[in-house]
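The values are calculated or read from the model by the stated rules, or taken from the named source; none is laboratory data. In this text the structure is predicted, and so the values were computed from the model without any measurement. Here the Cβ is made from the backbone with ideal geometry for all residues, glycine too, and neighbour counts use every protein chain on show.
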Amino acid sequence: MTYLRSVILGMGLVIASCMAGEPSSVWYGEYHFAGLGGETGGGSPIVMDITLNIHTPGPNDACNVHMIGIQKDETIFCTTTANDSKIDIRFKTYDDGRILNGYDVARYKVGEILFSLEKAVGKDKKILYIPHWASYVPFDDMEKGGKYQFVKTK
């Protein structure tokens, strides 16, 4: 009986170590971005709030991105490609299954990188999630690699 327990425990440890080596698993969770992109001509603030949920990193329904801001409220289903330090968020469909936006325009191509997150360690040893904007940019005049960061909330 002791031998059987040892074998089962050993198999469990092997499986756990294999799963721990899966680089994309470190990205599971919810990430949040909030930014201020200046003001409208009338003086109202231009804000963008983005929530990224990564469920099962990979080529299927891996994640969704919900964006709320001035003249924007949309959800995109996405796929990912990842390693330990960077994840690419790729367009799959809008939340209604279409690949065209509300104006019947194909704004993004399926598989196109919307943005990437890169892990970095800050001065206070906290993990930072730095966005690198690609085909999706929250504000028109924003740099491709911005001063803004995502925060892991879950």
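Quick check on the range 83-108: of everything there that is closer than 17 Å to CYS63 by Cα, of a type outside the set (S, T, N, Q) and free of Cβ contacts under 8 Å to residues at least 24 places away in the same chain, which residue is surrounded by the fewest Cβ atoms within 10 Å (Cβ to Cβ)? Looking at the filtered set, the residue picked out is GLY97.
Meeting the requirement of 1 or more residues that are at negative phi, of a type in the set (D, E, K, R) and at pLDDT below 85, the strands (runs of 3 or more DSSP E) wholly within the range 64-154 are 72-82. Looking only at residues of the range 44-63 that are hydrophobic (A, V, I, L, M, F, W, C) and at pLDDT below 90, we find that the one that is surrounded by the most Cβ atoms within 10 Å (Cβ to Cβ) is ALA62. Reported count of residues in the range 81-140, each being more than 17 Å from ASN64 (Cβ to Cβ) and among the acidic types (Asp, Glu), is 5.
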